[in-house]
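In what follows, a single structure is set out as structure tokens and then discussed.
The values are calculated or read from the model by the stated rules, or taken from the named source; none is laboratory data. These numbers were taken from a predicted model, which means no experiment stands behind them. Don't worry about glycine lacking a Cβ; one is built from the backbone with ideal geometry, like all the others, and counts go over all protein chains shown. Protein only, heavy atoms only, side chains kept; ligands, DNA and RNA dropped before computing areas. Shrake-Rupley method; radii C 1.70, N 1.55, O 1.52, S 1.80 Å.
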Amino acid sequence: MGETVKRTFVASVVVVAVVAAALALWKLKLIISLLFLAVIIAAAMRPGIDALRRWSIPRGIAILIHYAGILVVVGLFLWLVVPRARDQIATAIGNLPHATKHSTGIKHEILKYIQNKLNHLPSGGSLVHPALTIGVKAFEVVIGIFFTFAAAAYWTFERARAQRLVTSVLPRDKRKVVRDTWDLIDLKLGAFVRGQLLLIVLVGTVLSIAFAIIGLPYWILVGSFAGVVEMIPIIGPLAAGAVAIGVGLTQSWQTGLAAGIIVLVVRLLEDYIVVPKVLGDAVGLSPLVVLVAVTSVGILFGGFAVLLAVPLAAVLATLVDVILLEKDPAEEEVPTVLFPAKDAEA
């Protein structure tokens, strides 16, 4: 009787501990997501940092060079795109009432919807009242960005030490497999991020130019939107196509059709030419797995975590290959983007 009570008590404690740990992780999901994002950023920078170190540049300076490059790219975007986008938004707000009044059918519905959304944007005066709330949210975003990039820098310094610590507690015959698996995951994450950034710039630029050629209204807004949502697997390109066609229909059905054809052609070129050349088999995931991963992560953790769905699925797929399918990670093809294989493996 006493033994049964004891076992019941131990089982209850274990269950409570597991539930408490799960709840704690759930509460800390934002921090965990930011840390995972930091690891991904560090993986993307690692080949470049290693290449700079071969030029006798200290690791800290190499990290600062990468961060300075990111700031330059963001600054160029703000300088080149934002003023033109602001002008197009002002034009949209000024033209919509007249266009809505003199349109019919689907064009009327689309213009009416856009006008309603633009009318609900806060004016300059109304921004004064919620200024404190917006300021707090902006502060939280800035803190989150700072935390992520600081964690990425620290992880760049501590990665090798953490790898040695983990492998030191494992049986000697398992250490090489764990080390090779760790390196393979790191390479996959880095290649995926670098490839996605290239695709965002390429898709946004090509579509913006093409939309301008066919006379699509607000072409730089639509093209920039298409480039940004490229980072959201499956859903992003569909949303970009729908927005381009919808905006084109506000002018004429021919413009809407042309916009749809352009998005389709760019997507086909991306899928069959650009992606195989740029990303290759960086993450090794089928479209079905990507779709399930994006949907599941979005439902469980919200919109922000969708960006981490593919990297997370790639990590899990690599672990399944090594643990369950007993593949040798050292023999897996090393994905490279922007860097030769010797730089990526360094």
Within region 264-277, of all residues that are open to solvent by 50 Å² or more (accessible area, probe 1.4 Å) and at pLDDT 80 or above, the one nearest to Gly227 (Cα to Cα) is Arg267
Among the residues of region 245-263, are any buried (at least 22 other Cβ atoms within 10 Å of the Cβ), among the small types (Gly, Ala, Ser) and either in contact with a Cys (Cβ under 9 Å, 6 or more places away or on another chain) or over 26 Å from Leu52 (Cβ atoms) (or both)? yes
Is at least one residue of region 232-239 open to solvent by less than 20 Å² (accessible area, probe 1.4 Å), touching a residue at least 24 places away in the same chain (Cβ under 8 Å) and in a helix (DSSP H, G or I)? no
Looking for something outside any loop (DSSP other than H, G, I, E, B), modelled with pLDDT under 75 and open to solvent by less than 70 Å² (accessible area, probe 1.4 Å) - is there at least one such residue anywhere in region 278-289? yes
Residue tally, condition within 12 Å of Leu319 (Cα to Cα) and in contact with a helix residue (DSSP H, G or I) (Cβ under 6 Å, 6 or more places away or on another chain), over region 164-181: 3
If we keep just the residues of region 40-93 that are within 25 Å of the chain's Cα centre (by Cα) and of a type in the set (Phe, Trp, Tyr), which is modelled with the highest pLDDT? Tyr67
Look through region 242-275, keep the residues that are in contact (Cβ under 8 Å) with a residue 60 or more places away in the chain and out of contact with any Leu (no Cβ under 8 Å at 6 or more places or on another chain), and return whichever of them is nearest to Val203 (Cα to Cα). Gly246
Out of all the residues in region 161-174, which are open to solvent by 60 Å² or more (accessible area, probe 1.4 Å) and not polar (S, T, N, Q)? Arg161, Arg164, Leu165, Val166, Val169, Pro171, Arg172, Asp173, Lys174
Which residues, taken from region 149-160, are open to solvent by less than 60 Å² (accessible area, probe 1.4 Å) and among the charged types (D, E, K, R)? Arg159
Sole miss for Arg194 among (1) open to solvent by 60 Å² or more (accessible area, probe 1.4 Å); (2) part of a helix (DSSP H, G or I) is condition (1)
